[in-house]
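Contents: one structure, followed by commentary.
The values are calculated or read from the model by the stated rules, or taken from the named source; none is laboratory data. Being a predicted model, the structure only gives us computed values, none of them experimental. Because the Cβ atoms are built from the backbone with ideal geometry, glycine has one as well, and the counts that use them run over all protein chains shown. Ligands, DNA and RNA are stripped out before the accessible areas are found, and what is left, the full protein with its side chains, is counted by its heavy atoms. Shrake-Rupley method; radii C 1.70, N 1.55, O 1.52, S 1.80 Å.
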Amino acid sequence: MREFPQTYEQEALWIADRFLGDPSPFLETWAQRILGPLDVPALERALAALVARHAVLRSGFDLGDEGPVQRVDPAGTVPLERLPWPGGERTGGDPDHDDLYRTLRLAGQRPLDLTVSPARFTLYDRAPDEHVLLLQIHHVAVDDASLVLLDRELSALYTEETGGAPAGLEPPALLLGEHAVRARAAGTAPADLAFWADLLAGASALTQLPPRPRPLAARRGSACDTVRTTVPAGLGDAVRAAARALRTTPHVLMSTCTAVTAAAVNGEDVVIGTPVSRRGEPDLDGVFGCLTDLLPVRYLVPADATFAEVCAAAKRRSLDVLRHRNVPYARLGGGVGRTRGVLSGEHLSRICLVLDQSPSRLELPGLRCERVHVGGAAAKFDWLQYVVADGAGWDVRADYALDFFTADEAALVLRQWRTALAAAAADPGVPVRDLFDRLAATA
């Protein structure tokens, strides 16, 4: 066994996880519906090769003599369990999506023993020539960039195992644990800490959540559900055109729309969480693991401003956040790390937006693979919204805390967000006051 400290990102997640019950909000799922004659032994060999390539999948996470550690087992494995589809084998025909989501959601809630492994592979026999492959993995061992690696490498390894072209994959340049040692030796720049203290000074807590002011539970439980919608191609084209006109990105424009929906029920000062990657060094490109952290962006959304003005300010703050991103979440959210944070958790754990502009695909020869996006095992935030590119449009889904939203309220939040998005795309100069009126009128 080789022992390393955990990365700052891992440590924050690992410590938080120890205070939470099952299911953990940090359990992630990657699921694929696979249609066609799957070579199961070849898949098993490909998965074994993937695990051999990436040390974090062979690591246990525990408390060492000097703090949280990750222990890499050179001979570790993640076995592939093969199970029948719960409720019996399907006989074919159109997929039952509700059954698919429900079954995988329950499977994704099974606890993982992090001292042994952060991952579990399951292959379900769902129908003749239909399988569902599920990777259940803890967030300490994965981020979105890791899932892109997973798609690319598993595709290449399975192709090789079924007699196709050699995978030709270079080994990762370093271990995640080696990166943790390097990052801790570098420390945190005082100027970066000063930036965050200044940016977040006096930030207001979100006391209300969209879609309207209403009584909220004093504390949030773990139960959550998922709501879905789409941004059609026409609106998608308009959003991209508006972003170009504003000299910004679709992510900043969409995040500003999220801030508008929050400000409509809170007041003009709101904080929205955004994931930020720390894969700045080339030797991290091929490393599987958690190298993403949540960082807050503060929005000022005065009613007498225009959307374009709010968006321009949001762009400037977002760029500043990226310049100072090497401050661990634990130094911002008090109570997780050993050093007092500059911002309490009530600001960071409410609303978060994630945009995926370039989703990857699993491509196995002779098979059709469809990614199944499963809702969270438990509430990670009050509102966690994913916007995933799909051609010219986007697929949109949000995990929401059942303590704070009914299903109808969650659906209304997405309709309000789309209302703001459509209005801003049509006329970026629209007054914020007009947007508030349109949100209030959205049914």
Taking N as the number of residues in the stretch 163-264, what is its Cα Rg relative to 2.2 N^0.38 Å? 1.73
Note down the magnitude of the dipole of the stretch 181-308 about its Cα centre, charges +1 on Lys and Arg C-beta and -1 on Asp and Glu C-beta and zero elsewhere, to the nearest 20 debye. 320 debye
Can you give the percent of C-alpha pairs in the stretch 6-50 whose distance is more than 12 Å? 75 percent
Using the Cα centre of the chain as origin and beta-carbon charges of +1 (Lys, Arg) and -1 (Asp, Glu), tell me which of Ala52, Ser360, Thr306 is placed farthest towards the positive end of the dipole. Thr306
Take every Cα pair under 8 Å in the stretch 1-110 that's 6+ residues apart, average their separations, divide by the length, and report that relative contact order as a whole percent. 34 percent
Over the alpha carbons of the stretch 219-321, what is the largest minus smallest coordinate on each principal axis, giving the biggest first in Å? 46, 40, 30
Where only protein heavy atoms count, and the probe is 1.4 Å, what is the accessible area per residue for the chain in Å²? 42 Å²
Could you work out the local net charge near Val265, counting Lys and Arg as +1, Asp and Glu as -1, over the other residues with Cβ closer than 9 Å to its Cβ? +2
In degrees rounded to 10, the 0-90 angle between helix 250-266 Cα long axis and the longest Cα principal axis of the chain is 60 degrees
Give, in whole angstrom and from largest to smallest, the semi-axes √(5λ) of the equivalent ellipsoid of the stretch 376-425, with λ running over the eigenvalues of the Cα gyration tensor. 21, 14, 8
With r defined as the distance between the Cβ atoms of Ala203 and Ala441 and R0 fixed at 30 Å, what FRET efficiency is calculated, to the nearest 0.05? 0.55
Quick check: at a probe of 1.4 Å, how many percent of the accessible area of the chain sits on carbon and sulfur atoms? 52 percent
So what is Rg over Rh here for the stretch 14-129, counting just Cα atoms and using Kirkwood for Rh? 1.03
What is the list of residues in the stretch 127-142 whose amide nitrogen lies under 15 Å from a point 7 angstrom out from the Cα of Val116, following Cα to Cβ? 136-138
Quick calc, the chain, dipole around Cα centre from Cβ unit charges on Lys, Arg (+) and Asp, Glu (-), nearest 20 debye, gives 980 debye
I'd like the per residue volume of the convex hull spanned by the Cα atoms of the chain, given in cubic angstrom. 149 Å³
For Cα pairs less than 8 Å apart in space and 6+ apart in sequence, what is the mean separation divided by the residue count of the chain, i.e. the relative contact order in percent? 23 percent
By how many degrees, 0 to 90 and rounded to 10, does the Cα axis of helix 97-107 deviate from the longest principal axis of the chain? 70 degrees
Take Ala407 and Ala185, extend 7 Å from each Cα along the Cα→Cβ direction, and tell me the distance between the two endpoints in nm. 5.5 nm
Using a cut-off of under 19 Å, list every residue of the stretch 287-325 whose amide N is near the label point 7 Å from the Cα of Phe19 along the Cα-to-beta-carbon line. 294-296
Calculated from DSSP H runs of 4 or more alone, at -39500 (n - 2.57) each and per residue, what is the 222 nm mean residue ellipticity of the chain, nearest 500? -11500 deg cm²/dmol
Can you give me the angle between helix 307-323 and the longest principal axis of the chain, using Cα atoms only, in degrees from 0 to 90, rounded to the nearest 10? 50 degrees
